[in-house]
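Notes follow once the structure below has been shown.
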Amino acid sequence: MTASRLGFVLQRPRPSLIKMVKWIPPTDLWFELNWDDTSKGNPRPTGSRGLLQDGHGDMVFAFYAYLDINTNTFAELYAVVHGLEIASDQGI
């Protein structure tokens with residue numbers, strides 16, 4: 001039997017779009033905090049990581065934290081707050 005006789009409509013997948021991106025460093029007096037979370041589901045074991053770069057693109061610090069069982073939203077917010085706390089502790 002063919003798929004159409006069974007009531008299925010087969011469609012070719014759209015080709016994925018690949019877009020090149022480039023990181024643009026902040027100006028000299030600014031810093032940039034980049035962060036991300038990892039999660040094996042929601043809620044599941046999660047982690048947060050991030051790094052702070054200065055206006056020359058040099059890494060000031062990086063961090064990682066395992067957050068046990070949590071949501072991906074918690075992990076994202078934790079990364080922002082934790083990164084800002086480290087920056088504040090370092091006088092940035």
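Summary of computed values
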{"item": "Some residue of region 5-23 being open to solvent by less than 60 Å² (accessible area, probe 1.4 Å) and without any contact (Cβ under 8 Å) to a residue 60 or more places away in the chain", "result": "no"}
{"item": "Selection within region 37-63 - within 26 Å of residue 27 (Cα to Cα), touching a residue at least 12 places away in the same chain (Cβ under 8 Å) and either open to solvent by 50 Å² or more (accessible area, probe 1.4 Å) or out of contact with any helix residue (DSSP H, G or I) (no Cβ under 8 Å at 6 or more places or on another chain) (or both)", "result": "49, 51, 53, 54, 55, 56, 57, 60, 62"}
{"item": "Members of region 66-75 that are assigned to a strand (DSSP E or B) and surrounded by 15 or more Cβ atoms within 10 Å (Cβ to Cβ)", "result": "67, 70"}
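The values are calculated or read from the model by the stated rules, or taken from the named source; none is laboratory data. Keep in mind the model is a prediction, meaning the values are calculated, not measured. Using ideal geometry, Cβ is built from the backbone for each residue, glycine included, and neighbour counts are taken over all protein chains shown. When the accessible area is computed, the model is the full protein with side chains, heavy atoms only, and any ligands, DNA or RNA have been set aside. Shrake-Rupley method; radii C 1.70, N 1.55, O 1.52, S 1.80 Å.
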